[in-house]
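Comments concern the structure below.
The values are calculated or read from the model by the stated rules, or taken from the named source; none is laboratory data. Note that this is a predicted model, so its numbers are computed, not measured. All Cβ positions, glycine included, derive from the backbone under ideal geometry; neighbour counts span all protein chains shown.
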Amino acid sequence: MAVYLDHAATTPMLPEAITAYTAALTIVGNPSSIHSQGQNAKRLLEEAREQVAASLGAEPIEVILTSGGTESINLAIKGLFWERNTAEVSRPRILVPRGEHHATVDVVEWLETFEHAVIDWLPVDADGRIVLSELSARLGPDVALVTLLIANNEVGTLQPVAEVAALAAGHGVPVHADAVSAYGHVPIDFRASGLAALSVSAHKIGGPLGIGALLVARTATLVPLIHGGGQQRQLRSGTQDAPAAIAFGVAARHPQPSLVRLRDRVIAGVQRMVPTAVLRGDAVNRLDNNAHFTFPGCQGDSLLFLLDSAGISVSTGSACQAGVSQPSHVLLAMGLSEDVARGALRITVGHTTTDADVDAFLAALPAAVARAQRAGFADRRVGE
Amino acid sequence: MKVLAAMSGGVDSAVAAARAVEAGHEVVGVHLALSRMPGTLRTGSRGCCTIEDSMDAQRAANIIGIPYYVWDFSERFKLDVVDDFIAEYTAGRTPNPCMRCNERIKFAALLEKALDLGFDAVATGHYATILTDADGNRELHRAAAWAKDQSYVLGVLTAQQLAHSMFPLGATPSKAEVRAEAAARGFSVANKPDSHDICFIPDGDTRGWLAERVGAERGVIRDLDGAVVGTHEGAHAFTIGQRKGLSLGVPGADGRPRFVLEVKPSSNEVVVGPREALDLAEIAGSRFSWAGLAPEDASIPIDCEVQIRAHADPVAAIAVVRRHATEDRLELVIRPTVPLNGVSTGQTAVVYVGTRVLGQCTIDRTVSAVEVSA
C-alpha cells in the first residue's frame, strides 16, 4: 500500500463529498433554467455557494465559482489590472513578491509582455516572507494591484496578509490573495481581511478537482475573462457545475483537522534521521501540513525516485515542465544556491495521514538520502 | 536485474523496455530531458527534446505497466554534446553528436546515476548485440537487422559500460518487425517516424544553426595550387568530401567536379580539388578505446574492417596501435586496403572483426593516398 505524503498537491476526496457528488450527478436541470427542475438545481447550487462562503467568512454573492485555483488567479489579477487601467487612468505597476506560485508568476509576466504591465518584484526574506518595508516604499498611485500568497505552497511560510492589506488600503490599492495552499489550514475571514479578491480550490480540501472559487468583494469590480450568458455577476459566464459545487460545499463545511502533530513528527523525525537536512520556511509561522527540507549533496528528484520505489509519494515542491524538476524559484528567491535548491523535498500530510505513514517515510528516508548522495550531481557536472 | 529503460518516446526504446520486462527484469522507464527549452511540440520527426516525445514515452510506459520518470540532463547535454559540437565545427572538424551523447550522457552520466541509484543496467532501443564469450567477457556486435545496425555509434563503449548495457532489439531481423510488435502491444508510437539528423537542430538546417552560433564570414575557396576559385559564406558550413553547394564560378582546369578537401577555420578558407585527392591511405587517432576486452597485443597488426560513418560501408583494413612518429603518445593506426575518401578529422573510425566491434578512435591525423601539392 503506497504511503501518500503529497497532500499539498491534491488531497483525497472526502467520502462525504464523493457521496454528495455522485448523488448530485443525477440531478436534472440547468441552474439557469426557469422551470421547476432548473430551480431545484439552482437551489442546490446556491446552498453550496453559501457553504463555501461561510467557510471563508464571505457572503454568497462574493463567491464566483471557477474551474480551479489557476482560473481564479487569472481572473483576479487580469481582471483587476484591466479594471484599474482604462482610457483615462494608467496604473501599470503590479506589486508581487518573489517566490509566488507559477499561476501568479506566469499571469503577471503575460501582462508585462502583452498589456504593458510593469512588474515590481518584492524581495522576500530567508524564510520566503515578504519584506513589508519594501512593499510600503513601493506603493503609490500608479499601482494597479498587489497580489500574494497567504501561505507559500512550497515552503509553507505564512505571509502577513493583514499588514499587506492595511498598507495597500492606505493607497487605495486592491489586494488579491492566493489562498489555494492555505485554504483549510489557516482561518480565513474574507470580510475582515480588507482583500479585494481571494482564490481557493476545492481539491485541496477534499472536494473534487475542476472547481474552485474566486471571492470578489462586493465593493470590488473587475473585468471578466469569459463572456457569455452573464452568470455569476457577469464575472464568469458559463453553465454552472452544480454537482461539483455541491461536493465542494460538503468539503467546505467539513471540519479540517489540525495536522500540527503529524507535521511536527515528520519535522522532528527528519532532523533526527538526517541531521544535515535543513528545514526551509518559517519554523513556527508555517502551514500545519507542510514539512520542507533541503538535503545537502542530494538531488531532490533522486530522493523522490528512491522514495517512490519504496512506495512513498512525496514532492520536490517545485513546478515542473514536462516532468522535469527545475531548481525552485522560491528557494532561489530565499537566497539559496542552485545546488542547495536542487536538494529540496516537500512532505505534506493530510486528513488520511496516519502515524504509520510517517513511520514508513522516516524508515525509508536514511537509505534514500545515502543513495541519493552517492548519485549526487552526476547528471549535471562534466566529469572525468 | 533492476533495469533502467531509457525511453526517448520513439518506437524502438518502447519495444526495448517491454522486452526487458518480459525477460523478467524489474524495469523503470526514464526519459532524458536534453533540451533547455522543453516547451516545444514536435514539428517533424525529432528524436528527443520535446514535450510530445516525453508524453509518448510515458504512454508507452503506462501500457507496459512500469514506473516512469523524466531526468534532466539538459545542462550536461549542452556542455558535453551541443557545445562540443559547436567547438568541433569551429575547429574545422566534423563531430558525431549522437556518438558523443552515447559516450558522455547515455552510457556515462545516465549509467553512473542509474548504478548509484541501485540499478544494474541501462537498456536502450539501439540496434546492436551484446554477446558474452566463454570467459564471461562481453562483446559488442552488429545487429541482426543490418540496415538498422547502430553498433557504429556504440563503438565508444568500454568493457565496463558494456557490462551494464542491454540492447533488447539486437536480434530482431528488421525494423518492420519492431513496428509490428509495437502495434500489437498497443503503443501509440508504432508508426511514429524515425528520428533523423541531429536532435537539437529542430529543422535539420545544420548550416543555419551553426551560422547563428559561430557567426559566418565570407571567405575564399582555393584550389590545390592556392589560386582563389570562389568565395563562401562561412567555412564551418563545409565538410570534407562535399561536392554540392560550392557555387564555383570557374570550372576546374580539367573540367571535372571539385570536392572540399580541407576546411581551415583559422583563415576561414576552404580548399577544393579533384576527387582522388580525397583518397586516404591511412587514418589514425590518439583518442581510442576497445569495446570490451582489449587485444592481447595491439602492436601486432589486426585484419579488420573500418567504418567511418554511421551508414558507410565497412572497408577492409589493417589496424595497429603504435607510438606516434614524433610525439610521446600511442595512436590507433588504420590502413584501409582500398583508399577511404571523404574523411574529416573529428570523425570516428570504428574497427570491426567480423560482426564484432573491436574498438574505435577519433580521427586526428590522415595520410593522403596520392601526392598532392597543398
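For the stretch A:274-306, a residue qualifies if it is over 17 Å from B:F73 (Cα atoms) and among the acidic types (D, E), and the qualifying residues are A:D282, A:D288. Taking (1) closer than 21 Å to B:G342 by Cα; (2) more than 21 Å from the chain's Cα centre (by Cα) in turn, B:S267 satisfies each apart from (1).
Within the stretch A:91-103, one or more residues are buried (at least 24 other Cβ atoms within 10 Å of the Cβ), more than 19 Å from the chain's Cα centre (by Cα) and farther than 25 Å from A:T10 by Cβ.
Only one of the listed residues (A:A192, A:A162, A:A177) is within 12 Å of the chain's Cα centre (by Cα), aliphatic (A, V, I, L, M) and within 26 Å of A:L259 (Cβ to Cβ). That residue is A:A177. When the residues of the stretch A:286-313 are filtered to those that are part of a loop (DSSP other than H, G, I, E, B) and surrounded by fewer than 23 Cβ atoms within 10 Å (Cβ to Cβ), the one that is farthest from the other protein chains (Cβ to nearest Cβ) is A:D288. Would you mind stating whether A:A245 is crowded, with 24+ Cβ neighbours inside 10 Å, assigned by TED's automatic domain parsing to the domain that holds A:V124 and within 18 Å of the chain's Cα centre (by Cα)? No; evaluated as a whole, the condition is false for this residue.
Quick test for you: out of A:V164, A:V143, A:V175, A:V186, pick the one residue that is farther than 27 Å from A:T86 by Cα, in contact with a strand residue (DSSP E or B) (Cβ under 7 Å, 6 or more places away or on another chain) and modelled with pLDDT of 95 or more.
Numbers: A:V164 fails: farther than 27 Å from A:T86 by Cα; A:V143 fails: farther than 27 Å from A:T86 by Cα; A:V175 fails: farther than 27 Å from A:T86 by Cα.
Checking each option against the conditions leaves just A:V186.
Of all residues in the stretch A:113-129, those being part of a loop (DSSP other than H, G, I, E, B) and either of a type in the set (S, T, Y) or more than 18 Å from A:G335 (Cα to Cα) (or both) number 2.
Among the listed residues A:A54, A:A48, identify the single one that is farther than 15 Å from A:G210 by Cβ, assigned by TED's automatic domain parsing to the domain that holds A:D178 and small (G, A, S). So that I can check it myself, show each step before the final result.
Values: A:A48 fails: farther than 15 Å from A:G210 by Cβ.
On inspection, the qualifying residue turns out to be A:A54.
Might you check whether a residue that is part of a loop (DSSP other than H, G, I, E, B) and within 30 Å of A:N153 (Cα to Cα) occurs anywhere in the stretch A:13-23? Yes, because at least one residue in the stretch A:13-23 is part of a loop (DSSP other than H, G, I, E, B) and within 30 Å of A:N153 (Cα to Cα). Taking residues in the stretch A:199-223 that are basic (K, R) and at pLDDT 95 or above, and partners anywhere that are surrounded by fewer than 22 Cβ atoms within 10 Å (Cβ to Cβ) and in a strand (DSSP E or B), not one pair has Cβ atoms closer than 7 Å while being at least 6 places apart or on different chains.
Evaluate the stretch B:191-201: report whether one residue or more is more than 22 Å from B:S54 (Cα to Cα), in a loop (DSSP other than H, G, I, E, B) and of a type in the set (A, V, I, L, M).
no
Pairs linking a residue in the stretch A:135-156 that is surrounded by 24 or more Cβ atoms within 10 Å (Cβ to Cβ) to a residue that is modelled with pLDDT under 95, with Cβ atoms under 8 Å and 6 or more positions apart or on different chains, are A:N153/A:G317; A:E154/A:G317; A:E154/A:S318; A:E154/A:S328; A:V155/A:G317.
Within the stretch A:135-155, does at least one residue satisfy the condition of being part of a loop (DSSP other than H, G, I, E, B), hydrophobic (A, V, I, L, M, F, W, C) and under 24 Å from A:E71 (Cα atoms)?
Filtering the stretch A:135-155 down to residues part of a loop (DSSP other than H, G, I, E, B) leaves A:139-142, A:150, A:152-155.
Now narrow it down to the ones that are hydrophobic (A, V, I, L, M, F, W, C): A:139, A:150, A:155.
Then drop every residue that is not under 24 Å from A:E71 (Cα atoms), which leaves A:150, A:155.
Scanning the stretch A:135-155 turns up at least one residue that is part of a loop (DSSP other than H, G, I, E, B), hydrophobic (A, V, I, L, M, F, W, C) and under 24 Å from A:E71 (Cα atoms).
Within the stretch A:328-360, the residues that satisfy the criterion of being surrounded by 21 or more Cβ atoms within 10 Å (Cβ to Cβ) and in a loop (DSSP other than H, G, I, E, B) are A:S328, A:M334, A:R342, A:G343, A:V349, A:G350, A:T353.
Right, B:A121: at pLDDT 95 or above and either over 25 Å from B:T239 (Cβ atoms) or within 14 Å of chain A (Cβ to nearest Cβ) (or both) or not? Even if it seems obvious, please write down each step before you answer.
Working: at pLDDT 95 or above: yes; either over 25 Å from B:T239 (Cβ atoms) or within 14 Å of chain A (Cβ to nearest Cβ) (or both): yes.
Judged against the criteria, B:A121 is a match.
Conditions tested, residue by residue: (1) among the aromatic types (F, W, Y); (2) at positive phi; (3) in contact with a strand residue (DSSP E or B) (Cβ under 8 Å, 6 or more places away or on another chain).
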residue: B:G204; (1), (2), (3): no, yes, no
residue: B:R213; (1), (2), (3): no, no, no
residue: B:L224; (1), (2), (3): no, no, yes
residue: B:T231; (1), (2), (3): no, no, yes
residue: B:A237; (1), (2), (3): no, no, no
residue: B:L248; (1), (2), (3): no, no, yes
residue: B:S267; (1), (2), (3): no, no, yes
residue: B:R275; (1), (2), (3): no, no, yes
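Residue-level check: of (1) closer than 30 Å to B:A211 by Cβ; (2) loosely packed, with under 14 Cβ neighbours inside 10 Å; (3) of a type in the set (S, T, Y), B:T337 misses just (1).
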